[in-house]
1. Tell me which of A:Tyr411, A:Thr440, A:Leu495 sits at the most positive position along the dipole axis of the stretch A:394-500, charges placed on C-beta atoms (Lys, Arg +1; Asp, Glu -1).
2. Given contacts defined as C-alpha pairs under 8 Å and at least six residues apart, what's the relative contact order of the stretch A:262-409, whole-number percent?
3. Please arrange A:Trp74, A:Trp679 by counting, for each residue, the other beta carbons lying within 10 Å of its beta carbon, fewest first.
4. Place a +1 charge on the Cβ of each Lys and Arg in chain A and a -1 charge on the Cβ of each Asp and Glu, then give the dipole magnitude about the Cα centre in debye, rounded to the nearest 20.
5. Residue by residue, what Karplus-based ³J(HN,Hα) values in Hz, rounded to whole numbers, does the stretch A:312-322 have, using 6.51, -1.76 and 1.60 with θ = phi - 60° and x for Gly and Pro?
6. Compute the acute angle (0 to 90°) between the alpha-carbon long axis of helix A:105-129 and the principal axis of greatest extent of the alpha-carbon atoms of chain A; round to the nearest 10°.
7. In deg cm²/dmol, rounded to 500, what helix-only [θ] at 222 nm does chain A give when every DSSP H run of at least 4 residues adds -39500 (n - 2.57) and the total is split over its residues?
8. Under 12 Å between alpha carbons, and skipping anything fewer than 8 positions from A:Lys734 in its own chain: which aspartates and glutamates qualify?
Amino acid sequence: MDKAYDPKAVEGKIYSMWESGGYFTPKIDKKKKPYSILLPLPNANDPMHMGHAMFVIEDILIRHHRMKGDPTLWLPGGDHAGIETQYVFEKKLAKDGKSRFQFDRDTLYRMIAEFVEQNKTVNRDQMKRLGFSLDWTRYHYSLEPEIVATVLDTFRAMHKDKLVYRDSRLVNYCTRDGTSFSDLEVKHVERTDPLYYMKYGPFVLATTRPETKFGDTAVAVNPRDKRYTKWVGKEIEVEGLAGKFRVVVVADDVIDPTFGTGIAKVTPAHDFTDWEIAKRHNLPAKQVIGFDGRMTDAAGPYAGMKVGTAREQIVRGLESRGLMDHIDTNYVHTVATCYKCGSVLEPLPIPQWYVKTKSLATQAIKAVKEGKTKIIPKKRFEKMYFDWMENILDWNISRQIVWGPRIPVWYCLDCNPAVTLSFLSKDDQKITGSYGDICTNHSFEEIRDGLQSLSAPLEATYTLTEGTCKTCRGTHILQETDTFDTWFLSSQWPLTTLGFPNGEDFNYFYPTSVLDTMWDILFFWVARMMMMGLYRTKKVPFEIIHLHSRVVDAKGQKMSKSRGNVVNPLKMVDQYGADALRFTLVFGAAPGSDIAVSEDKIRGMRNFANKLWNIGRFVLMNFESAGKEIPFYNKNMTLSNPEDNKIIAALNKLIASVTKDIERYRFSDAAQALYEFAWHTVADMYLEKNKERFKTGDAESLAVLRHVCLTLLKLLHPFMPFVTEKIWGKMPKKYDKPLIISSWPD
RNA sequence: GCCCGCUUAGCUCAGUGGUAGAGCAUUCGCUUUACAUGCGAGUGGUCGGGGGUUCAAAUCCCUCAGCGGGCACCA
């Protein structure tokens, strides 16, 4: 054995040994209770970051249960990550001076699929570097046909149960990414913007969005605001930028009399509050901003301008006409921005597919209240979970992107001539219009082949199966171009990857034992898996939700590219070994809190791995110099030396505490106890005090020494699998099988 | 605005009623044949401020301050 442990020379070979030995693949044994965890599926073409490395928590649980003899499954997968991937791909396109609008949707889809294919193995290979004992034979990718088929089936089941429906309401729409989002994907950001006080008929009113003036269909006041009581119900005449127009004055409770002048202009098509006001007062909605982020024809002279430009121009126009009373330049408010690209989101009216969530949430709340699923740490996250579930809104599952499974709904164009189509014609012109208008100049086949997107009016009839129209017998049928929200697919991961409804894995491993992830996707993913799992199987998808630490830098700052404080896990593995990084991520991490990672700390843990190596080396040297068979320690042995009795007692205490700590998800406590025991109790004290006895080849002391060392390797194996496996391989043992499948001490 | 969490050694964090802990950093001394990725010894905290309960509080309660997070339709 070398003087120092060299992880680079060891890790690759050990991992291959485990993988080729088939140790990651569980043997299904109906007599035993299985233990299973699904790896939170990373974006398949995303390189690994420290957040992924934190899945070491799962490897610890998995290795512990495997050693306990449970049929243990850790199932890996990769996500197509709809918006994320399309966003990255479009940035690549932009570099080549191209845009998504230059391609029909089938071509665009193929291009993205090829792009993903090139990078698909990156993340997988990196997971292996960390020693993750994932069952790669069960790897799943989110767009596999079987997985998509189950997802589509869920959609149909929900449609039948009236849990999915189509509605036209305001959605948060990113005009840059060209898609709507669910409420969860909206990031509220505080900003300082001008608040414009403009003259408005007989009033002065405050608004941050003067450009939406063309879409105003009312003004609103609070019913208890005496200043305006006499106006309520009357029409007022307003001088606009393109002639005069008339709007009605309505009274509505949401209006805060203390804000601005107590009067709000009502723009139903572009503001969530106004949309609600309009519904209550039967006001029409007038869309003045298009899905491309430009003013529509309804904006008269400003048509075609981007919203920002139009605002500047309109402010100038109002000022020159004397219609601007004054401007408050220091108004602080929050705006909704896109969580992917940061653009300001535009509330726009568009028909979308929704999941009715209320009844699903009720079940998900009940399951946690009844303890069928436990959340750890309970204190902080259970309340968050309940708060969210209790206030849940219906879930918009349509996305206007191509990268993902299309919603399985078909429209007959002959029955629905008002369906709006965007497509590339044979001569590569982008054409948009209703089918009724364009079908005279373009054949159905031309439209189909060049199709980019379609938008069906809310009244449009549709079927859930492909084929000839049952009403008119026509064949001019097109599928919905909206794709599913990625989370609609991943919320069914426990079902799809295990082969719901009748797969052997599903029958055996579902419900899974633990779902471990960081808390940032508690709502996006975990809560929705609860709802979907309960909906389809009447059983919870997992018994425990464990929310692990967020990895931050040495100063406690969140790691981000813009801060420049990102620590690359693979670089650390190269430099200090996977075991060192793994132990760093566990040591000092309390669930739900942050864990600080610095190179200094990783180096310290590398030193600990080396310490273990040298304990092993010390034991071996003593066995070699003894040059004889040493009996194996067993519990019935009577030990004559008090030092031996002491170390055995301490070891037994350690076994109990480490086992308990892992069972209670107190990984840091276990790691600290192991560190303390190995380094100080064993190396500093026991080895030093008894060196002379080992040298003389005393059989009892050597038997105890070997037992302590082998047991310590077992206890440490889930945390530091490589160095422990390597030392184990060199030690004299009763049975020669790898540490990974040895038995957990008791 | 509403809700939650945090504040303990230079740094990052454990500790939740009974004489203050870890890792890293730091100081001093050691070429002792398992390991200088080491060994030995040490420095370092009135546990955010204030008040209360208790024989006893870092730990329970109240309050103030700072930091972080979740939720939210203020035009």
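Rule-based calculations on the coordinates, nothing more; no lab input. None of these values were measured; they are calculated from a predicted model. Heads up, the Cβs are rebuilt from the backbone with ideal geometry, glycines too, and the neighbour counts pull from every protein chain shown.
1. So the residue we want is A:Leu495.
2. 17 percent
3. A:Trp679, A:Trp74
4. Dipole of chain A, to the nearest 20 debye: 1760 debye.
5. 4, 5, 5, 4, 4, x, 5, 4, 5, 8, x
6. So the helix axis and the longest Cα principal axis differ by about 20 degrees.
7. -11500 deg cm²/dmol
8. A:Glu629
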